[in-house]
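One structure is given below, encoded as C-alpha cells.
What follows is calculated from the coordinates using simple rules that are stated; it is not laboratory data. Keep in mind it's a predicted model, so treat the numbers as computed, not measured. Counting neighbours? That spans all protein chains shown, and the Cβs are built from the backbone with ideal geometry, glycine included.
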Amino acid sequence: MAFLTDRKRATGLGSAKQGTSHHWHMTITSVALLILVPLFIFTFGRMLGAPHADVVAYFARPFPAIVAALTLLVGFDHFRHGVQVLIEDYVHGPMRKPLILLMICVSYGAAATGLFAIAKIAL
Amino acid sequence: MADVNRGNRPLSPHLTIYRPQLTSVTSILTRITGNALLLGALLAVWWFLAAATSPSYFETVDGLITSWLGDLVMLGSLWALWYHLLSGLRHLYWDTGRGLEVPTAEKLGWAVIIGSVVLTLVTVIIL
C-alpha cells in the first residue's frame with residue numbers, strides 16, 4: 001500500500017468511475033467548437049435557400065466541406081456527452097441506460113449521415 | 001430509494017421553491033439550448049443528405065427548412081448556438097477559477113444574454 005501513489009489510489013473511484021475524463025472531453029470539444037461553429041454558421045447559412053447547383057458547387061470546395069464535416073463530427077460528439085449528463089440528471093430507473101444508448105446511436109448516426117452526404121457532394 | 005424517516009429537519013431549497021436568479025436561469029438555458037440544438041442539427045444533416053441525393057429532393061427539404069416554420073426553427077437554433085457558445089466560453093473562464101464572485105457571474109450572465117441576441121441579429125443582417 002505504501003508504494004501506491006495518491007493518483008493511483010484515486011483511479012476508478014467516484015460515481016462514474018471515470019475521474020475527470022468526461023469533463024476534459026467536453027472542454028476539448030467545446031474549444032474546437034468555439035472555432036468551428038462561427039465558421040459553420042457563415043458557410044452553411046450562406047447556402048441555406050440557395051439553388052441546388054450552387055450548393056453542390058460550394059460544398060465541393062475544400063474549406064466549406066471540411067468546416068461542415070468537422071462541425072458535424074465534433075458537434076455530435078459534444079452533444080452525445082452533453083445529453084448523457086441531461087439523462088443522468090433527470091431520468092431515473094430502468095430507462096436511463098437505454099435512453100443514453102439511444103442518444104449515442106442518434107448522435108453517431110446523424111454524424112455519419114452528414115459526413116456521407118458532404119463526402120458525396122465534395123467528391 | 002428506501003423511504004427512510006429523515007426527521008423534521010430543514011431541507012436545502014430546490015427548483016420549485018427557489019426564487020429564479022440570473023445565475024440559475026442562464027445556467028438552465030445553457031442546458032436547454034445545448035440539447036434543443038439537436039433539432040436544428042438533424043435538419044442540417046437532412047439538408048446535406050438531400051443535397052447529396054438529387055435536385056428535386058433538395059428542393060423539397062430546402063423549401064421546408066426555409067418555410068416560415070423552418071425559418072423560425074433556424075432562427076431559434078441560431079440564437080441557441082450563439083447563446084450556448086457564449087455560455088460555454090463563460091464556463092471555460094470559470095474553469096480557470098476566475099469570475100466566480102456573484103457580481104462578476106451576474107455581469108457575465110448579462111453579457112451572455114445580450115451578446116447572444118446581438119450576435120443573432122448581426123448574423124441575420126449579414127446572411
Compute, for chain A, the length of the dipole vector about the Cα centre, with Cβ point charges of +1 (Lys, Arg) and -1 (Asp, Glu) only. Units Debye, rounded to 20.
300
If each K or R counts +1 and each D or E counts -1, the residues other than B:Leu29 whose Cβ falls under 15 Å of its Cβ total +1
Given the rule -39500 (n - 2.57) for each run of at least 4 DSSP H residues, summed and divided by the residues of chain A, what is its mean residue ellipticity at 222 nm, to the nearest 500 deg cm²/dmol?
-26500 deg cm²/dmol
How many percent of all Cα-Cα pairs in the range A:55-123 sit more than 14 Å apart?
61
Which one of A:Thr113, A:Ala10, A:Val55 is farthest out on the positive end of the charge dipole of the protein assembly as shown, using unit charges on Cβ (Lys, Arg +1; Asp, Glu -1) and the Cα centre as origin?
A:Ala10
Net charge dipole size for chain B [Lys, Arg +1 and Asp, Glu -1 on Cβ; Debye, nearest 20]
600
FRET efficiency (B:Ile126, A:Phe3; Cβ distance; R0 41 Å; to 0.05) is 0.10
How shielded is A:29-41 by partner chains, expressed as the average number of their Cβ atoms within 10 Å of its Cβ atoms?
3
For chain B, what is the mean residue ellipticity at 222 nm derived from helices alone (per DSSP H run of n ≥ 4: -39500 (n - 2.57); sum divided by total residues; nearest 500 deg cm²/dmol)?
-26500 deg cm²/dmol
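Which whole number gives the average, over all residues in B:26-37, of C-beta atoms from other chains lying within 10 Å of the residue C-beta?
Per residue, the number of nearby Cβ atoms from other chains is 2 on average.
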For chain A, longest principal axis from Cα atoms; helix A:96-122 axis from its Cα atoms; angle between them, nearest 10 degrees, is 30
Given the C-alpha centroids of the range B:55-78 and the range B:86-107, what is the distance between them in whole angstrom?
35
As a footprinting exposure proxy, order B:Arg9, A:Arg61, A:Arg46 by other Cβ within 10 Å, with the fewest listed first.
B:Arg9, A:Arg61, A:Arg46
So if I place +1 on the C-beta of Lys and Arg and -1 on the C-beta of Asp and Glu, and nothing else carries charge, what would the dipole magnitude of the protein assembly as shown be about its Cα centre? I want it in debye, nearest 20.
800
Can you give me the long-range amide H partners of A:Gly19? Hydrogens built in the peptide plane at 1.01 Å from N, cutoff under 5 Å, separation of 5 or more residues or another chain.
A:Gly12
Would you please name the trypsin sites (Lys or Arg not before Pro) within the range B:1-108 that are DSSP coil residues with at most 11 other C-beta atoms within 10 Å of their C-beta?
B:Arg6, B:Arg98
Please give the residues of the range A:55-75, grouped as numeric ranges, whose backbone N is less than 18 Å from a label point set 7 Å along the Cα-to-Cβ vector of B:Tyr57.
A:55-57, A:59-60
Diffusion coefficient, µm² s⁻¹, Stokes-Einstein with Kirkwood Rh over alpha-carbon pairs of the range B:17-127 at 37 °C and 0.692 mPa s:
209
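Could you tell me what fraction of 2.2 N^0.38 Å the Cα radius of gyration of the protein assembly as shown comes to, as a two-decimal ratio?
That works out to 1.19 for the protein assembly as shown.
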Order of B:His84, A:His25, A:His78, B:His14 - criterion: other Cβ atoms within 10 Å of each residue's Cβ, fewest first:
B:His14, A:His25, A:His78, B:His84
